[in-house]
Amino acid sequence: MSNDSQHSITRRKLLAASAGVALVALEGSASSLGAAPHLTASPRPSGSPLGPGRLKQSVCRWPYGKIPLPDFCRAIRALGLSGIDLLQPAEWPVARDAGLVVSMGYPADRPDFIATGFNDRAHHAMLIEELTRTIPLAQAAGVPNVITMFGNRAGKSDADGIAACVEGLRQVAPLAESHDVTVCVELLNSKVDHKDYQGDHTEFGVRVIDGVGSDHVKLLYDIYHMQIMEGDIIRTLRDSIAHIGHIHTGGVPGRHEIDDTQELNYHAVAKALADLGFAGFVAHEFEPTGDPLTALRGAVAICTV
């Protein structure tokens, strides 16, 4: 999840614009999006270390919003990525045409998507309707995961928030199970990027997933956010892997490249995930400071284990 207060291209802003961008992409009118960064990706040479390795790697769309979606999909396929995260349903065919899996789909394009979550029963009817509409579409399009949120605390205790989340998510779990689509609830930091977000520690999320009791309701564990809030990433992954369906990456601090300019050893984290037999996607969600595809190529290499 992006840092909305510091960056001009964010997940919230991309949500607001996504419907129009999707139509442009589907019509092939890339020129209407303006000049795009130069695309430097090329097909992988024989023997290249880039590739799936033991982890399925993906990338979030929003940090690369200046690159027209069809071009971006072709470029990341050439880099060895197998999926793309956080697309609206109208955009899913663009990724599929490029040979990619939409590894995480949106059920809505509301600007309050992050703050409005299952921890408030007043939101349940809307959230359940969105997921009920989207889960069958996801199954038909081969989209394995859809995202939802815990929501802002707004004065609620953890016990109250957990109880509300369990109550609401239990109502969508049977549909997710029958369509073999996983609803992933994202953990975010409340210290830097998303003030007042309630699902800001792994324990909170684990208690919700335990309460729901479905293999098709899991956590979206964002390493960037959880490093800010609690650290101890590898131990937490080992302890909680059964509750986790999807991973996001990002350098700490700043949510930039995952190389040696930041504090985490992402190669060690990737190896730990692979050793655990993690079968979900590891999606890169960082804002490049230089050439975007060069940065992404480096991330793929770091997480190829």
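Distance cut-off 29 Å, Cα to Cα: go down the list Lys218/Lys271; Lys66/Lys195; Lys56/Lys218; Lys66/Lys271; Lys191/Lys218; Lys156/Lys191 and report the pairs above it.
Numbers: Lys218/Lys271 21 Å; Lys66/Lys195 27 Å; Lys56/Lys218 17 Å; Lys66/Lys271 32 Å; Lys191/Lys218 23 Å; Lys156/Lys191 17 Å.
Violating the 29 Å limit, Cα to Cα: Lys66/Lys271.
Quick one: which residues, 5+ away or cross-chain, put their amide H under 5 Å from the amide H of Leu87? H built at 1.01 Å from N.
Here the answer is Met104, Tyr106, since their amide H atoms fall under 5 Å of that of Leu87.
Give me the compactness ratio for region 88-159, meaning the Cα radius of gyration over 2.2 N^0.38 Å.
Values: Rg = 14.0 Å, N = 72, 2.2 N^0.38 = 11.2 Å.
Normalised Cα radius of gyration, region 88-159: 1.26.
Given contacts defined as C-alpha pairs under 8 Å and at least six residues apart, what's the relative contact order of region 164-205, whole-number percent?
Details: 25 pairs, mean separation 10.5, N = 42.
After rounding, I find 25 percent.
Under the definition of Cα pairs under 8 Å and six or more residues apart, what whole-number percent is the relative contact order of region 136-295? Mind showing how you got there, number by number?
Numbers: 260 pairs, mean separation 29.7, N = 160.
Value for region 136-295: 19 percent.
So what is the relative contact order of region 73-210, in percent, for Cα pairs below 8 Å that sit 6 or more residues apart? Mind dumping the intermediate values first?
Working: 227 pairs, mean separation 30.3, N = 138.
Result for region 73-210 is 22 percent.
Ranked from highest to lowest mean number of other Cβ atoms within 10 Å per residue, what is the order of the peptides 154-162, 129-137? Before the final figure, lay out the partial values.
On the way: 154-162: 14.6, 129-137: 17.6.
Result, highest mean first: 129-137, 154-162.
Across region 86-99, in residue order, what do the Karplus-derived ³J(HN,Hα) couplings come to in whole Hz, using 6.51 cos²θ - 1.76 cosθ + 1.60 with θ = phi - 60° and x for Gly and Pro?
With the stated coefficients, region 86-99 comes to 6, 10, 6, x, 5, 8, 4, x, 5, 5, 4, 5, 8, x Hz.
Per residue of region 300-305, what does 6.51 cos²θ - 1.76 cosθ + 1.60 with θ = phi - 60° give for ³J(HN,Hα)? Whole Hz please, x for Gly and Pro, Karplus curve as stated.
Whole-Hz 3J(HN,Hα) from phi for region 300-305: 4, 4, 4, 9, 8, 10.
From the backbone phi of region 228-239, what are the Karplus-calculated ³J(HN,Hα) couplings (6.51 cos²θ - 1.76 cosθ + 1.60, θ = phi - 60°) in whole Hz, Gly and Pro given as x?
Per-residue couplings from phi come out as 5, 7, 8, x, 6, 5, 5, 4, 5, 4, 5, 6 Hz.
Each reported figure results from applying straightforward, stated rules to the coordinates on display, with no laboratory input. What you see is a predicted model; the values in this text were computed from it and never measured. Neighbour counts are summed over all protein chains in view; Cβ atoms, including those assigned to glycine, are modelled from backbone coordinates with ideal geometry.
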